[in-house]
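Trainee: The structure that follows is given in the form of structure tokens.
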Amino acid sequence: MINKEVIDKAADNIRVLSAAMVEKAKSGHPGGAMGGADFINILYSEFLNWDPDDMEWKNRDRFFLDPGHMSPMLYSILTLTKNYSIIDLKNFRQWGSPTPGHPEREVSRGIENTSGPLGQGHAMAVGAAITERFLVARFGEWMAHKTYAYISDGGVQEEISQPAGRIAGYLGLNNFIMFYDSNDIQLSTETDAVTNEDTGKKYEAWGWKVITINGNNPEEIRKALNEANEENEKPTLIIGKTIMGKGALTEDSKSFEKQTSTHGMPLSNAGGSFEKTIENLGGDPKNPFVIFPEVEDYYKEVLSKKAQNAKIKKEEEARWASKNPVLAEKLGSYFSGNAPDIDYGNIPQKDNAATRAASGAVLGYLAQNVGNMIVASADLSNSDKTDGFLKFTKAFKKGDFSGAFFQAGVSELTMAAIANGMALHGGVIAACGTFFVFSDYMKPAVRLAALMGLPVKYIWTHDAFRVGEDGPTHQPVEQEAQIRLMEQLKNHSGENSVLVLRPADVHETTISWKIALENTKTPSALLLSRQNINNLPAKDGTDRFRDALDARKGAYIIQSVNGKPDIVLVANGSEVATLVQGAEKLRAEKGLKIQVVSAPSEGLFRKQAKSYQDEVLPANTPTLGLTAGLPVALNGLVGAKGKVIGVEQFGYSAPYKVLDEKFGFTPENVFNQVEKYLDEYDN
Ligand SMILES: Cc1ncc(C[n+]2csc(CCOP(=O)(O)OP(=O)(O)O)c2C)c(N)n1
């Protein structure tokens, strides 16, 4: 029988620590953390399965926090579980501390996901829950585990919650349990200033089981979690009505609960009394950073039970592994995070095809040769050519996760956040596709993938105005420059936070997929053409695939000259083929010595030796770039005296060949522009 008193004491301890952290840091969010303490305490002590001695244990239950501003609650519970120290709590929000304002993924300490941008945390959890089902379908129920998410009013209001709720309900993710901390207070107002929806009914309509409880009552929490754990058809939403700032008092010992001001500032700044509150919660205002002795003892017991349970589960795994050595090895390789071993030269490509079609061909090969890849599309699989993958598998369905395709529906941001959750869960390679122009809808999740260093693959097709008649709404112009900014932004390991590849023909597309799959440290983006592109010429006329392997250096010479070139022409994607044609004419009619360069990734190129960079883009040589995007996308490559021909306005609706003419993306215009530029350069 669990001692009720110690349970309440532990929750109060979380409140004391949370309030104290924020007070000491002079910034942060105490109110929500204090209200959620009862739930988090019951979840961690009685339900969540993990191995305190092996935090990265692949079969652990996952806990995803959505409102990252409630980090004090998470750090406090993870201090009771010995993943953080009191010193870490005292250094909350300080330079170099492991306790940043919003949690940053650190699995070894129990932080599954970076959170802060509201809504994404629980959508990532949906991705983890899907992944668990995917793996269970392949390796067996012995590796089943639960995924828990914690959401708040802000997350429920965010747009992303709609498809996340729809998808979890549609797929019948009964392994997914979400607690909604419903305290009726948000940042600047109470919730009734912005909403009167019946959230429970909304989730029920999506196919969820919904349980409403007093979220500060341990017995009700326990009962709801038990029910949710027994549910075998649907995801469960536990709506916990909680009290913001539970236990807070004013200077004259009146209640200071349910105050909007406690959302985002220290209690004393918010109008309450830190000292009175700490006393009220059983702490010592002069020394609040303390784990109460009985709570310490209690959590010691909790941890030993967790370790014991994990041991039993691991023994079960060992029995399974000894009976299924081949599967066990496969499972190990899936969780290694290593790139799959693929013979890329064996992937058949049709000459002169669109790079999206070439990507589809690669995906078809991967579907048959990589057992742990999940590909998604936001209702564009036949256009973004992720159907190349789908042809060899099937889409996930409620109760059937034996396929490997995720039909996300029209919900790009959610798809990207779910892909993040898949990568966070581990054991799979996640890829997702849509039109490049709609990468704008995905950006917040791409940014988190970049920050967390998740190797998600983005398949962005229809990469330029050549989508044609669909017009400017569908014609990316500034998108390449935007995503290439992320190539320049370093992650906390000092790497380019995103790898961006815009291949120039079908063979470079195969190689770009190779580079993307071998990039296991950051997200990779493939920018792919809608229209056909002529294969680039092979250097000695024999093996273009072999030449394209040089794409690994980010930029490489397609056509070289003896001695110093008169001009270097540089581009990526389909513009390289246009340069090659223009160069032909210039050589024939002007006798110029022209070096043509394909530069699928400036980020990769800048990592090469200086001597290589100088060879590809020699200094003091006229250099002209051609891009179907904003010129800034190539400015860094052409250098100070270089020139870029690009697109500087939104597109127009017309057949793409007409647009090529109108915008000057023709060999003739390359010819004219080079002449003009060389005149300017010399003068
Ligand atoms: C996408 C996004 N928009 C805005 C914010 C800023 N923000 C942080 S918390 C919050 C209000 C949410 O309140 P709630 O989720 O109810 O948390 P509580 O007040 O209960 O702590 C807002 C607008 C954010 N973190 N993320």
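The values are calculated or read from the model by the stated rules, or taken from the named source; none is laboratory data. Computed from a prediction, not measured in an experiment: that's the story for all the values here. Cβ sites come from the backbone with ideal geometry, for glycine too, and all protein chains shown count toward neighbours. Note: areas computed on protein heavy atoms with side chains; ligands, DNA, RNA excluded. Shrake-Rupley method; radii C 1.70, N 1.55, O 1.52, S 1.80 Å.
Trainee: How much accessible surface area, in Å² rounded to 10, belongs to the heavy atoms of Lys24 with a 1.4 Å probe?
Mentor: Result for Lys24: roughly 110 Å² accessible.
Trainee: Grab the eigenvalues of the alpha-carbon gyration tensor for the stretch 285-399, scale each by 5, take roots, and send me the semi-axes largest first in whole angstrom.
Mentor: Semi-axes, largest first: 47, 22, 14 Å.
Trainee: Taking each pair of distinct Cα atoms in the stretch 537-683 once, what is the resulting Kirkwood hydrodynamic radius in Å?
Mentor: It works out to 15.6 Å.
Trainee: About its Cα centre, what dipole magnitude does the chain give when the only charges are +1 on Lys and Arg Cβ and -1 on Asp and Glu Cβ, stated in debye to the nearest 20?
Mentor: 1180 debye
Trainee: Further, regarding this structure: Can you tell me the accessible area per residue over the stretch 284-422, all protein chains present, probe 1.4 angstrom, in square angstrom? Numbers along the way, then the final one.
Mentor: On the way: 6560 Å² over 139 residues.
Per residue, the stretch 284-422 has an accessible area of 47 Å².
Trainee: Residue farthest toward the positive end of the dipole of the chain, with Cβ of Lys/Arg at +1 and Asp/Glu at -1: which of Ala640, Leu366, Asn214?
Mentor: Looking along the dipole axis, the top candidate is Leu366.
Trainee: On to the next question. Rg/Rh for the stretch 256-350: what does it come to with C-alpha atoms and Rh from Kirkwood?
Mentor: Details: Rg = 26.6 Å, Rh = 19.7 Å.
Rg/Rh: 1.36.
Trainee: What is the gain in length, in nm to one decimal, between Asn369 and Asn49 on full extension, counting 0.36 nm per residue of separation less the C-alpha to C-alpha distance?
Mentor: Separation in residues times 0.36 nm, less the Cα-Cα distance, equals 111.9 nm.
Trainee: Next question, about the same structure. With labels modelled as points extended 7 Å from the Cα through the Cβ direction, what inter-label distance (nm, one decimal) is found for Val561 paired with His492?
Mentor: For Val561 paired with His492, the spin-label model returns 4.9 nm.
Trainee: Now a separate question. Restricting to Cα pairs below 8 Å that are 6+ residues apart, what does the relative contact order work out to for the stretch 440-580? Please round to a whole percent.
Mentor: 27 percent
Trainee: So between Lys398 and Lys590, what do we pick up on full extension, going 0.36 nm a residue minus the alpha carbon distance?
Mentor: 62.6 nm
Trainee: Follow-up question, since we're still on this one. How much length is gained on full extension from Asn309 to Gln581, taking 0.36 nm per residue of separation minus their Cα-Cα distance?
Mentor: Full extension of this stretch gives 91.2 nm more.
Trainee: In square nanometres and to one decimal, what's the mean projected area of the convex hull around the Cα atoms of the stretch 393-450?
Mentor: 4.4 nm²
Trainee: Can you tell me the FRET efficiency between Arg319 and Glu56 if r is taken as the Cβ-Cβ distance and R0 is 30 Å, rounded to the nearest 0.05?
Mentor: Details: r = 21 Å, r/R0 = 0.71.
Computed FRET efficiency for Arg319 and Glu56: 0.90.
Trainee: Related question: Under a point spin-label approximation (7 Å from Cα along Cα-to-Cβ), what is the Ala640-Glu661 distance to one decimal in nm?
Mentor: In this crude label model, Ala640 to Glu661 measures out at 4.1 nm.
Trainee: Follow-up question, since we're still on this one. Among DSSP beta bridges whose residues both lie in the chain, state the antiparallel percentage, nearest 5.
Mentor: Percentage antiparallel, nearest 5: 15.
Trainee: Determine the per residue accessible area of the stretch 484-615 with all protein chains present and a 1.4 angstrom probe, expressed in square angstrom.
Mentor: Per-residue value: 37 Å².
Trainee: Which Cα, out of Ala224, Thr195, Ala164, lies furthest along the positive dipole direction of the stretch 107-239 (beta carbon charges, K/R +1, D/E -1)?
Mentor: Of Ala224, Thr195, Ala164, it is Ala164.
Trainee: Under the √(5λ) rule applied to the eigenvalues of the Cα gyration tensor, what semi-axes describe the equivalent ellipsoid of the stretch 38-85? Give them in Å, descending.
Mentor: The three semi-axes for the stretch 38-85 are 17, 12, 11 Å.
Trainee: Give the residue from Gly28, Ser598, Pro117 lying farthest towards the positive end of the charge dipole for the chain; charges sit on Cβ (+1 for Lys and Arg, -1 for Asp and Glu) and the dipole is referred to the Cα centre.
Mentor: Ser598
Trainee: Calculate the dipole size of the stretch 350-472 relative to its Cα centre from +1 charges on Lys and Arg beta carbons and -1 charges on Asp and Glu beta carbons; express the result in debye to the nearest 20.
Mentor: Dipole size: approximately 320 debye.
Trainee: Could you give me the ³J(HN,Hα) list for the stretch 658-675, computed from phi with Karplus coefficients 6.51, -1.76, 1.60 and θ = phi - 60°, whole Hz, x at Gly and Pro?
Mentor: Ordered by residue, 3J(HN,Hα) equals 5, 4, 3, 5, 4, 8, x, 9, 9, x, 4, 5, 4, 3, 4, 5, 5, 4 Hz.
Trainee: What fraction, in whole percent, of alpha-carbon pairs in the stretch 1-143 exceed 21 Å separation?
Mentor: When all Cα pairs of the stretch 1-143 are counted, 44 percent exceed 21 Å.
Trainee: Below 8 Å, C-alpha to C-alpha, sequence gap of six or more: please give me the relative contact order for the stretch 542-683 in percent.
Mentor: Contact order relative to length: 26 percent.
Trainee: Suppose every Lys and Arg Cβ carries +1 and every Asp and Glu Cβ carries -1, with no other charges. What dipole size does the stretch 210-275 come out with about its Cα centre, to the nearest 20 debye? Can you show the working numbers first?
Mentor: Numbers: 7 positive and 10 negative charges, 29 e Å.
Result for the stretch 210-275 is approximately 140 debye, rounded to the nearest 20.
Trainee: Now for a separate question. Share of the chain's accessible area from carbon and sulfur, percent, 1.4 Å?
Mentor: Working: 12610 of 26220 Å².
Carbon and sulfur atoms account for 48 percent of the accessible area of the chain.
Trainee: In addition: Let me have the relative contact order for the chain, percent, based on Cα pairs under 8 Å that are six or more residues apart. Could you put the intermediate results ahead of the total?
Mentor: Values: 1481 pairs, mean separation 77.6, N = 683.
The value is 11 percent.
Trainee: Rounded to the nearest 500, what is the 222 nm mean residue ellipticity of the chain from helices alone, with -39500 (n - 2.57) per DSSP H run of 4+ residues and division by all residues?
Mentor: So the calculated ellipticity at 222 nm is -13000 deg cm²/dmol.
Trainee: To continue, here is another question. Suppose we take every Cα in the chain and form the convex hull; what volume per residue is that in Å³?
Mentor: So the per-residue Cα hull volume is 164 Å³.
Trainee: At 7 Å along Cα-to-Cβ for each site, give me the label-to-label distance between Asp679 and Glu219 in nm.
Mentor: The answer from the label model is 9.1 nm.
Trainee: Let me ask something else. Eigenvalues of the Cα gyration tensor times 5, then square-rooted: what semi-axes does that give for the stretch 485-581, in whole angstrom, largest first?
Mentor: In descending order the semi-axes read 25, 16, 13 Å.
Trainee: Please work out the Cα center distance from the stretch 503-533 to the stretch 82-129, rounded to the nearest Å.
Mentor: The distance from the Cα centre of the stretch 503-533 to that of the stretch 82-129 comes to 33 Å.
Trainee: Excluding same-chain pairs closer than 8 in sequence, count the lysine pairs in the stretch 564-683 whose Cα atoms lie under 18 Å apart.
Mentor: 11
Trainee: Checking a compactness column here: for the stretch 555-637, what do you get for Rg(Cα) / (2.2 N^0.38 Å), N being the number of residues? Display every interim value, and only then the final one.
Mentor: Values: Rg = 12.1 Å, N = 83, 2.2 N^0.38 = 11.8 Å.
For the stretch 555-637, the normalised Cα radius of gyration is 1.03.
Trainee: Å³ per residue of the Cα convex hull, for the stretch 444-525?
Mentor: Measuring per residue, one finds 90 Å³ for the Cα hull of the stretch 444-525.
Trainee: Among 276-284, 29-37, what's the highest-first ranking by average C-beta atoms within 10 angstrom per residue?
Mentor: My ranking of the peptides, most packed first, is 29-37, 276-284.
Trainee: While we're looking at this one, here's another question. At 4 °C and a viscosity of 1.567 mPa s, what translational diffusion coefficient does Stokes-Einstein give for the stretch 75-189, taking Rh as the Kirkwood radius over Cα pairs? Give it in µm²/s as a whole number.
Mentor: Reported coefficient: 82 µm²/s.
Trainee: What number do you get for the stretch 374-533 when its Cα radius of gyration is normalised by 2.2 N^0.38 Å, N = residues?
Mentor: Numbers: Rg = 14.8 Å, N = 160, 2.2 N^0.38 = 15.1 Å.
Dividing the Cα radius of gyration by 2.2 N^0.38 Å gives 0.98.
Trainee: Quick check: the distance between the Cα centres of the stretch 399-425 and the stretch 584-606, to the nearest angstrom?
Mentor: So the separation of the two Cα centres works out to 40 Å.
Trainee: For the stretch 181-310, what percent of Cα pairs sit more than 25 Å apart?
Mentor: That fraction is 47 percent.
Trainee: May I ask for the Rg/Rh ratio of the stretch 594-663, computed from Cα atoms with Rh as the Kirkwood radius, given to two decimals?
Mentor: A ratio of 1.05.
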